[in-house]
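Worksheet for the structure shown next.
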Amino acid sequence: MWKRFAFGWMLTVAAVGAQTNPLQFELANLREDMRGLVQRVGELSLRVEQLERDNAALRSSANAAADSYATVNQLNDAVADLNRAIKSASAGTRNEVLQKVAVQMEKLAQQTNSALDSLAKGMAKRAAVQTSFTEDYPKEGGTYIVQRGDTISSIAQKTGTRVQDIVNANKIADPTKLQVGQALFIPGAQ
């Protein structure tokens, strides 16, 4: 506001002086125009300085941002490195798993061999399987259905017959292998 008042006052003084001397009036106008131009140049200089500061800040920010972003090639290299690391770790893990499996299989093989040895020893102690049968038993009798927990001797005791007669009549080679639900002829049973 002060500038406008001063400018208006100068115009008034210049107008009064212009009546006295038109060259002085023209000179006053030129001086005033020059002063306005100098002031405008000063404002523009300040604005240019501000723009240069803003531009420098933007460049700095852009440089910092460029440092924080990766290029496609950098990303591809990083992915390739990760793939190599994963393959390497996978191979190591696979080898560890295979070693553990091999150890477990060895233990299982030993346990199986021990169980087979135990079975073989048990089979060696079993009574020989009967392969010949006689016809020396009563030809009349009844039928008995094998129940759970029955043995040849328990059936003989229940039916009042001899074990050897049941074995011969039914041609039982291994008396320990009765089947639940199996029908047996019981010689001499009523």
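Relative protection proxy for 181-189, 76-84, from highest mean packing down: 181-189, 76-84 (other beta-carbon atoms within 10 angstrom). The listed peptides 140-153, 100-113, ordered by packing as a protection proxy, come out as 140-153, 100-113 (highest mean of other Cβ atoms within 10 Å first). Of all aspartates and glutamates in the structure, the ones whose alpha carbon falls short of 16 Å from that of residue 107, not counting any fewer than 8 places away in one chain, are 117. This ranking places 43, 32, 135 by how few other beta-carbon atoms lie within 10 Å of each, fewest first, which gives 135, 43, 32.
Quick note: the coordinates plus some simple rules give every number you see, no bench work behind them. Computed from a predicted model, the values in this text were never measured in an experiment. Every residue, glycine as well, gets a Cβ built from its backbone with ideal geometry; the counts of neighbours run over all protein chains shown.
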